[in-house]
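I have placed the structure first, in the form of structure tokens, so that the comments after it can refer back to it.
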Amino acid sequence: MVDVDALRAAIGAVQDPELHRSLEELGMLRDVTIGPDGSVHVMVALTVPGCPLKDTITADITAAASTVDGVAGVSVEFTSMSDADRAGIVEQVRGAATREVTIGKAGSKTRVIGISSGKGGVGKSSVATNLAVALAERGNRVGLIDADVWGYSVPKMLGVDRQPVVLDDMLIPPEAYGVAVMSMDFFIAPDQAVIWRGPMLHKALEQFLVDVLWDEPDYLLIDMPPGTGDVAISLSQFLPRSETIVVTTPQPTAGRVAVKAGLMAEKVNQDVLGVVENMSWFTGDDGKRYTIFGEGGGAALAEHLKTDLLAQIPLEPTVRDGADRGLPAVAVDPDGEAVAAFNRLAQEVEDRTPHVRTHPELIVNN
């Protein structure tokens, strides 16, 4: 005989892979029946028809039910929630609807860190992606906004192959390697270009911060567009308590441009957490380090900004190849030299407590 209460408890404790709450808590577990031969039939109400993670839910329910003595087999059937059910879930997980940005505000546990650069081509997105995965592997809940609205690349770097789920007016970001991701890439066709002025960019970023269920992660990283334009200004207004990591290369010219990103952060009274020097060297088969892009750019930039050089990331094919194939180096090359540097960077970020500061309102000259 199968213990019905134990079975219901085991299955009800299974978490929805997107909302990270139990099926019982969300009201998704509708029925559990047991046949004379110990076979179990489970009825689950999905938040949206055609949920892309049905197979994951089925596997998790089967595994949970199989821990109960006497269960001979498990079948899972799906139905869909009503509009009222979905509205109840949205209110349950998000609370009362608000158009205010609450993430990263006083009292929030989330540290918001912008990954910035003065120019493109320094590997800022690969640094943001691998740092996010490294932080997640250390047990943190991590969100990543691809705010480079003209050069979005983060979903491809993480191998994300599905769209956000929409529940009423709430977006549930897809996850990969423990990182929840939101990007313009989900909303723009591959053959289209983003040709937006400041107000449209401002509104899109506001939606990323207000309408997405980030659910209080430990870290929200933001892959910033290069420079100090509209997006950087908008985010400094939305997230005045955020911190900044400035990415550069050893090349002095890159550092002279990157300093602008650091100076802007200081101008709007945001903490510059430090500098990351990417592509610092290439280690050949002979074991020798080749400084292809010169030396000293990261240290010079850190000195200029009166902050620390957090990490030097070597140039490795696995980082480039992983970005192209949706396989972050941190996740697939644990023994790599670059991965060791990304893990040290994650440790530096964790070890540095953000300053408690008063943040005056940013005044923008039109």
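What follows draws every value from the coordinates through simple rules; no lab data is involved. Everything quoted here is computed from the prediction, not taken from an experiment. Cβ sites come from the backbone with ideal geometry, for glycine too, and all protein chains shown count toward neighbours.
Worth pointing out:
- A Förster distance of 51 Å, applied to the separation of the beta-carbon atoms of residue 102 and residue 37, puts the FRET efficiency at 0.50.
- Under 5 Å between amide hydrogens, built in the peptide plane, is the criterion, and for residue 220 it picks out 111, 112, 113, 143 among residues at least 5 positions away or on other chains.
- Most simply put, the chain has about 25% antiparallel DSSP beta bridges, counting only bridges with both residues inside it.
- In this structure, the amide hydrogen of residue 249, modeled 1.01 Å from its nitrogen in the peptide plane, lies closer than 5 angstrom to those of 255, 278, counting only residues at least 5 positions away or on a different chain.
- The trypsin sites (Lys or Arg not before Pro) of segment 293-342 that DSSP puts in a loop, and whose beta carbon has at most 10 other beta carbons within 10 Å, are 306.
- Couplings 3J(HN,Hα) of segment 336-341, computed from phi: x, 5, 5, 5, 4, 5 Hz, in residue order, whole Hz [Karplus 6.51 cos²θ - 1.76 cosθ + 1.60, θ = phi - 60°; x for Gly and Pro].
- Built amide H within the under 5 Å cut-off of residue 76, gap 5+: 42
- Stretching the chain fully between residue 353 and residue 150 yields a gain of 69.9 nm (0.36 nm per residue, less the alpha carbon separation).
- Each Lys and Arg contributes +1 and each Asp and Glu -1, all at the Cβ; summed about the Cα centre of segment 269-316, the dipole is approximately 80 debye.
- Each residue of segment 276-282 was assigned a 3J(HN,Hα) from its phi angle through the Karplus expression (A = 6.51, B = -1.76, C = 1.60, θ = phi - 60°), giving 10, 9, 9, 6, 5, 6, 10 Hz with x at Gly and Pro.
- With at most 13 neighbouring Cβ atoms within 10 Å, loop GluC sites (Glu not before Pro) (DSSP) excluded, longest segment of the chain: 101-360
- Extension gain, residue 321 back to residue 282 (0.36 nm per residue minus Cα-Cα distance, nm): 12.5 nm
- The spacing between segment 3-43 and segment 204-279, judged by their C-alpha centroids, is 43 Å.
- Value of Rg/Rh across the chain [Cα atoms, Kirkwood radius]: 1.03
- Modelled FRET efficiency - R0 41 Å, residue 308 with residue 13, Cβ distances, 0.05 increments: 0.40
- Within segment 10-125: Cβ-based charge dipole about Cα centre, in debye rounded to nearest 20 (Lys, Arg +1; Asp, Glu -1): 1060
- Ordering 339, 284, 265 by the projection of their Cα atoms onto the charge dipole of the chain, which places +1 on the Cβ of Lys and Arg and -1 on the Cβ of Asp and Glu, puts 265 at the extreme positive end.
- The angle between the Cα long axis of helix 54-65 and the main principal axis of the chain comes to about 60°, on a 0 to 90 degree scale.
- Table column - 3J(HN,Hα) (Hz), segment 129-139, Karplus curve with 6.51, -1.76, 1.60, x for Gly and Pro: 5, 6, 5, 4, 5, 4, 5, 5, 5, 8, x
- Taking a straight line from the alpha carbon of residue 109, these aspartates and glutamates sit under 12 Å away, with near neighbours fewer than eight places off in the same chain left out: 215, 216, 218.
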